Amino acid sequence: MITTCISTYNNLEYLKLAVHSVRKYSHFKDMPFIVYAENCTDGTNEWLEDNSIEYGIEYYVENNEIANGIGGGMNFCADKVKTKYINFIHSDFFVSEDWDIALFDRIERTEVPTLLSSYRIEPAMFRPQIKEMNPIRPGTLEVPIDAFGAFYNNFDEDGFINFAQEFKQMNKDYEVRKAEGVSFMIEKKHWDYIGGNDPIFAPTSYEDMDLFLRMINEGFDFVLTSTSIVWHFGARGSHRLEENGGKSSNRQMTSEVKNIINFKNKWGGVPVHDELGMVCGVK
């Protein structure tokens, strides 16, 4: 019923954790699993070749002069999906127990095309001075960087899994009308109908806001639920913090500048967000 998809670029150590978590903590442990690796030079391609059978991964490797990026990789994966639902996550995610069936049970109750997002918990990588649990925006809990370890080599898997279970029980009725980038489930036919991500926003930035605005215009609903919990290491797949002394990569910053112009040209303004932090229009 569900296929999980990851689009990745030079993020091997986090990708390993993401794959491990999907196979260990999902309810549907044998669900189809597609990984798209583009322009990887960090051993990702070789690791996928060596481990695809063990983890049941259908993987695709491409080397492109003009990068498809995260959004294009999602489109590539979606074209390969044969199940009713697609579940997109980033390679810098770590899923908690039963994250998938929680989304499945909730989306099966929807009556209109819906994009359903998991609740995120993430380390305060961009504000490392944070000392206490801090809900910086609805649907995301920011925790101190030493709470569960903020890096692939010091991540406290058991600590996070236990915390996620407790958090889910304490907040089991929490839902907001919001989407959060990648970490969502959607019916495959609805993804195809909306047309996926617009390639003009490759390799990264603004493709999600463009997607959500198109969905709003087509009457889609959005649900973010705390019944499904994921750990987000904090934009490691795009910003490349470890490689750049804690700063965003040149690829990321260049793409952000280019794509705000592309967004303005397409929509006639810049994104506007509501009180939940969800894009709701342009100005």
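The values are calculated or read from the model by the stated rules, or taken from the named source; none is laboratory data. Since we're looking at a predicted model, the values are computed, not measured. Reconstructed Cβ throughout: ideal geometry from the backbone, glycine too, with neighbour counts over all protein chains shown.
Taken over segment 170-214, the criterion of being more than 23 Å from ILE66 (Cβ to Cβ), among the aliphatic types (A, V, I, L, M) and either touching an Asp or Glu at 6+ places or on another chain (Cβ under 6 Å) or buried (at least 21 other Cβ atoms within 10 Å of the Cβ) (or both) is satisfied by ALA179, MET185, ILE186. Considering every residue within segment 102-123, establish whether at least one is in contact with a Lys or Arg (Cβ under 9 Å, 6 or more places away or on another chain) and farther than 23 Å from GLU218 by Cβ. Yes, segment 102-123 contains at least one residue that is in contact with a Lys or Arg (Cβ under 9 Å, 6 or more places away or on another chain) and farther than 23 Å from GLU218 by Cβ.
Figure legend. Inter-residue proximity from segment 266-283: first residues under 21 Å from LEU116 (Cβ atoms) and modelled with pLDDT of 95 or more, second residues exposed (fewer than 15 other Cβ atoms within 10 Å of the Cβ) and among the acidic types (Asp, Glu), beta-carbon distance below 8 Å, spacing 6+ or different chains. Indicated pairs: CYS280/ASP274.
Reported count of residues in segment 1-43, each being among the hydroxyl-bearing types (Ser, Thr, Tyr) and farther than 17 Å from THR204 by Cβ, is 6. Among residues of segment 165-182 that are within 17 Å of ILE136 (Cβ to Cβ), those with a Cβ under 8 angstrom from a residue that is charged (D, E, K, R) and not in a loop (DSSP other than H, G, I, E, B), sequence gap 6+ or separate chain, pair up as ALA179/ASP208; GLU180/ARG120; GLY181/ASP208. Determine whether segment 172-182 contains at least one residue that is farther than 24 Å from MET1 by Cα and assigned to a strand (DSSP E or B). Yes, there is a match, as at least one residue in segment 172-182 is farther than 24 Å from MET1 by Cα and assigned to a strand (DSSP E or B). Restricting to segment 79-103, name every residue that is of a type outside the set (D, E, K, R), in a helix (DSSP H, G or I) and surrounded by 20 or more Cβ atoms within 10 Å (Cβ to Cβ). Result: TRP99, ALA102, LEU103. Selection of segment 160-171 for residues being in a helix (DSSP H, G or I) and under 20 Å from PHE94 (Cα atoms) yields PHE160, ILE161, ASN162, PHE163, ALA164, GLN165, GLU166, PHE167, LYS168, GLN169.
Among the residues here, ILE34 qualifies as surrounded by 21 or more Cβ atoms within 10 Å (Cβ to Cβ), of a type outside the set (Phe, Trp, Tyr), in contact with a Ser or Thr (Cβ under 7 Å, 6 or more places away or on another chain) and part of a strand (DSSP E or B). Selection over segment 107-133 of residues that are assigned to a strand (DSSP E or B) and within 29 Å of LYS188 (Cβ to Cβ) gives a count of 9.
Looking across ASP42, ASP98, ASP105, one residue alone is of a type in the set (Asp, Glu), over 15 Å from the mean Cα position of the chain (by Cα) and at pLDDT below 95. It is ASP42.
Quick one: in segment 68-78, which of the residues that are at pLDDT 95 or above and of a type in the set (A, V, I, L, M, F, W, C) is surrounded by the fewest Cβ atoms within 10 Å (Cβ to Cβ)? Out of the qualifying residues, it is PHE76.
Comparison of ILE136, ILE101, ILE130, ILE121 shows that the only residue that is over 17 Å from TYR174 (Cα atoms) and of a type in the set (Val, Ile, Thr) is ILE130. Scanning segment 134-158 for residues that are in a loop (DSSP other than H, G, I, E, B) and either within 25 Å of VAL176 (Cβ to Cβ) or of a type in the set (Val, Ile, Thr) (or both), which turns out modelled with the lowest pLDDT? Among residues in segment 134-158 that are in a loop (DSSP other than H, G, I, E, B) and either within 25 Å of VAL176 (Cβ to Cβ) or of a type in the set (Val, Ile, Thr) (or both), the one modelled with the lowest pLDDT is ILE145. Close contacts from segment 18-41, counting a first residue that is farther than 20 Å from ASN75 by Cα and a second that is assigned to a strand (DSSP E or B), with Cβ to Cβ under 7 Å and a gap of 6+ residues or different chains, come to SER21/PHE94; SER21/VAL95; VAL22/THR4; VAL22/PHE33; VAL22/VAL95; TYR25/VAL95; SER26/VAL95; PHE28/ILE2.
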